[in-house]
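What follows is a short report on a single structure.
The values are calculated or read from the model by the stated rules, or taken from the named source; none is laboratory data. Predicted model, so just to flag it, every value in this text is computed and none were measured. Cβ placement follows ideal geometry from the backbone for every residue including glycine, while neighbour counts extend to all protein chains displayed. In case anyone asks, the SASA skips ligands and DNA or RNA and just uses the protein heavy atoms, side chains included. Shrake-Rupley method; radii C 1.70, N 1.55, O 1.52, S 1.80 Å.
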Amino acid sequence: MYTLLEKEIMEVPVPSPTRTYSPVSHESIIKTTLDSLNDHNLVVTNKRYQVAANGELLTGTYVIETPDRDFKRMISFINSYNKTRKLGFVTGLQTFVCQNGCISGDFSFSKKHMGTVGLEIVDAVVNQISNIDTEYETLKRWLKQAKLQTLNTREMSELAGRMFIEENILQANQLSILKKEIHKPSFDYGGIGNSAYELYQHVTHALKGAHPLKSSKQFVKTHEFFND
């Protein structure tokens, strides 16, 4: 897993189409998303790209200017040239202090690279953007409620163990990061220090370095786990 400049991502060779495979270029996704955000007067304040498989797998996240001091709107996408992941888009929010992400469901638009998928990008992006404020407000309320749920050290330990052993959300190295964050947080999240909100932030911080092929599922499963 590594990062590339936007220009370098656009230069990754696009595979040839076949009878059962219709590639969608990284360039078209990036340009369509940025153009649509601009058309809706949404200002991108930060871009983050992750690639794998020599650039054939791409995830991108755009953080969008938001009046709120603590949380920012965001839209993410995933695309592949090697058929490992469908083309997908999802919206969510990012915590300002640490850039941890929060998404409540898997990619709302998700299509195999077949048929007219390349022609559906514009509608997919517009639909995501039209719902971005609703999803943002829902997640913001959810996180504020999580601040009210207190947890002691044993409860945090039990939840961390379940995420690692039962749910396969965390990898061993991420569990190690989570342990460190619980005992000595890297950020002040503005909570009471022993809440579900802080634990959630510690977990999503530990997931930051996840492989693009796995990261979206880990974030979704994390939200579902905490929600339950």
- Read through the list (1) open to solvent by 50 Å² or more (accessible area, probe 1.4 Å); (2) touching a strand residue (DSSP E or B) at 6+ places or on another chain (Cβ under 9 Å), then give the number of the only condition that SER215 fails. (1)
- Message: Residues that are open to solvent by 100 Å² or more (accessible area, probe 1.4 Å), assigned to a loop (DSSP other than H, G, I, E, B) and of a type outside the set (D, E, K, R): does region 145-164 have at least one?
- Response: yes
- Query: Across region 1-31, what is the total count of residues that are in a loop (DSSP other than H, G, I, E, B), at pLDDT 90 or above, open to solvent by 50 Å² or more (accessible area, probe 1.4 Å) and closer than 21 Å to LEU119 by Cβ?
  - Reply: 2
- Query: Of all residues in region 2-50, which are closer than 15 Å to ILE64 by Cα and of a type in the set (D, E, K, R)?
  - Reply: ASP35, ASP39, LYS47, ARG48
- Would you tally the residues in region 61-96 being open to solvent by 10 Å² or more (accessible area, probe 1.4 Å) and under 27 Å from SER16 (Cα atoms)? 8
- Look at region 32-60 and say how many of its residues are of a type in the set (Val, Ile, Thr), in a helix (DSSP H, G or I) and either open to solvent by 20 Å² or more (accessible area, probe 1.4 Å) or in contact with a Cys (Cβ under 7 Å, 6 or more places away or on another chain) (or both). 1
